[in-house]
Amino acid sequence: MSGLLIAAVRDLDPPAGGAEMSLATLLKGVGVPGPLADVAPEYVPLEPGQDIADSMLTQGWSVSALQSGARGAPTELTEDSQIARWALDLPVEDLWSGLAWRLSEKSGQPRKSLQRRHLRKTNVGFAKAIDSHISTIMSSRRGADTPVVGVTQLHWSAGAAQRFSAHGIPYVVFVRDELQFRHPGIYRASLEAAAVVCCAGAGLGEQVAETFDVKAVRNVRLPVDFAGRFGSSDGVNEMREKGMTARSEDGDLDVARIAIVGVTPEKGAEFYTRLLPRLAESWPEAHIDVHGGGSYAEALGKFSNTTWHGHTPVEEVFSRCDVHLLTVASTGSWGRVVNEAGLFGVPTVSVATGSQPEAVGEGGIVVSADSGLDDWVSALKQAHADRYSLGEKAREH
């Protein structure tokens, strides 16, 4: 049975980050014929897909997306897809969001009270803006005997959920990060009225269920086209070999290279300012390469044992490093970058919060959330010492 999926989000394409890329990939997949999950062949990253008999295919759903048009025209992410995109004349930022960041808290997070004012205002505006569009979509389907389902996530999900409910449309909410936990007063109703709350990883789902009285939680793995990004497994191995050969020629193999990819207040900004000096004292032979844009990543370049590289393609990062380091402050959304490291045979050291232990598996070391800095140093040393065996497990995982 085919139906209609209505996605109502602040951002989709152009994407604001990995959450939008994941949702766009999922929506594109729903829009084309394919097998249901219970009969689909096993997915193996970087391996050619298996032929699927026509008898196993089900018809794709129609997909409409309501989003802000403030970031511009769609990119190659969705431009050749079946998604009908409605770009609304709504800004994604305002006075309150600007003040929230300029007057940020000590942790680096935006000032909560000011961010709350921004989110309340923009969710009300989004709900008003999409109402007539949803009415038009539903009117065009009058008499159709096929299901309609709503999908939303992140910043404007409260406004989207309100309008879905008003039109009698069951909906799904994806929880991607700490936003709903940080502002439960804004998002509680939208989560608890959802037919299903979807999370990447059972650990994050447990965090949601412990905080909100939701109807159902489902673990939906991140839909990532690794083959489209990196090519074949042979190609990945070749990139890794070239990267390590370049390090050998530079006389760099004796240096323990630890990579950090992406730094935000939620992704370790404050923690790294304490850990990196301790690493310099306890393990001066190690060097930390920080990748990613923004002031938080750039600020880590001030330490004697770090180099800030700015935006760097992940294939360059993981073709030349020994260990990947990732931590989160409170919300354990699945770290896709952990899987990217694993494809290149690079183990990860991460924290036992939410879905991070699932993402790492046996391909690295997981440190408890209440561990001290010396425990992290020990874990990094151990991961480096066992990098070949752990890296192979990371690739298999």
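Summary of values
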read-out	value
Answer residue from region 203-229, given it is of a type in the set (A, V, I, L, M) and assigned to a helix (DSSP H, G or I) and is surrounded by the most Cβ atoms within 10 Å (Cβ to Cβ) among those	Leu204
Number of the exception - Phe181 against (1) in contact (Cβ under 8 Å) with a residue 60 or more places away in the chain; (2) farther than 14 Å from Ala127 by Cα; (3) out of contact with any Leu (no Cβ under 8 Å at 6 or more places or on another chain); (4) not in a helix (DSSP H, G or I)	(4)
Only one of Gly168, Gly159, Gly185 that is among the small types (Gly, Ala, Ser), closer than 23 Å to Pro265 by Cα and over 21 Å from the mean Cα position of the chain (by Cα)	Gly185
Hits in region 45-73 - residues which are among the aliphatic types (A, V, I, L, M) and either exposed (fewer than 14 other Cβ atoms within 10 Å of the Cβ) or farther than 30 Å from Val338 by Cβ (or both)	Ala53, Met56, Leu57, Leu66, Ala70, Ala73
Which listed residue, of Asp94, Asp131, is surrounded by 13 or more Cβ atoms within 10 Å (Cβ to Cβ) and farther than 27 Å from Ala329 by Cβ	Asp131
All positions within region 230-263 that are assigned to a loop (DSSP other than H, G, I, E, B) and touching a residue at least 24 places away in the same chain (Cβ under 8 Å)	Gly231, Ser232, Asp254, Val255, Gly262, Val263
Any hit, region 70-81, residues being over 22 Å from the mean Cα position of the chain (by Cα) and not in a loop (DSSP other than H, G, I, E, B)	no
Residue within region 147-157 that is in the same structural domain as Cys199 (by TED's automatic domain parsing), more than 16 Å from Leu23 (Cβ to Cβ) and either in a strand (DSSP E or B) or modelled with pLDDT under 95 (or both) present	yes
Test result for Arg117, in the same structural domain as Gly98 (by TED's automatic domain parsing) and part of a helix (DSSP H, G or I)	yes
In region 330-356, the residues that are more than 12 Å from the chain's Cα centre (by Cα), in a loop (DSSP other than H, G, I, E, B) and of a type in the set (A, V, I, L, M, F, W, C)	Phe344, Val346, Ala352
The one condition in (1) in contact with a strand residue (DSSP E or B) (Cβ under 8 Å, 6 or more places away or on another chain); (2) closer than 16 Å to Gly228 by Cβ that Ala7 fails to fulfil	(2)
Residue identified as within 24 Å of the chain's Cα centre (by Cα), farther than 23 Å from Asp177 by Cβ, touching a residue at least 60 places away in the same chain (Cβ under 8 Å) and assigned to a loop (DSSP other than H, G, I, E, B) among Pro45, Pro15	Pro45
Selection from region 282-306 of residues that are free of Cβ contacts under 8 Å to residues at least 60 places away in the same chain, outside any helix (DSSP H, G or I) and under 23 Å from Asp375 (Cα atoms)	Pro284, Glu285, His287, Ile288, Asp289, Val290, Phe303, Ser304, Asn305, Thr306
Of the criteria (1) in a helix (DSSP H, G or I); (2) among the polar types (S, T, N, Q); (3) modelled with pLDDT under 95, which one Ser107 fails	(1)
Subset of region 185-202 [touching an Asp or Glu at 6+ places or on another chain (Cβ under 6 Å) and surrounded by 15 or more Cβ atoms within 10 Å (Cβ to Cβ)]	Gly201
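For (1) within 27 Å of Gly294 (Cβ to Cβ); (2) of a type in the set (D, E, K, R), each residue gets a yes or a no:
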position: Arg229; (1), (2): yes, yes
position: Ser232; (1), (2): no, no
position: Lys242; (1), (2): no, yes
position: Gly251; (1), (2): no, no
position: Lys267; (1), (2): yes, yes
position: Leu276; (1), (2): yes, no
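The values are calculated or read from the model by the stated rules, or taken from the named source; none is laboratory data. Since the model is a prediction, treat every value here as computed from it, not as a measurement. Don't worry about glycine lacking a Cβ; one is built from the backbone with ideal geometry, like all the others, and counts go over all protein chains shown.
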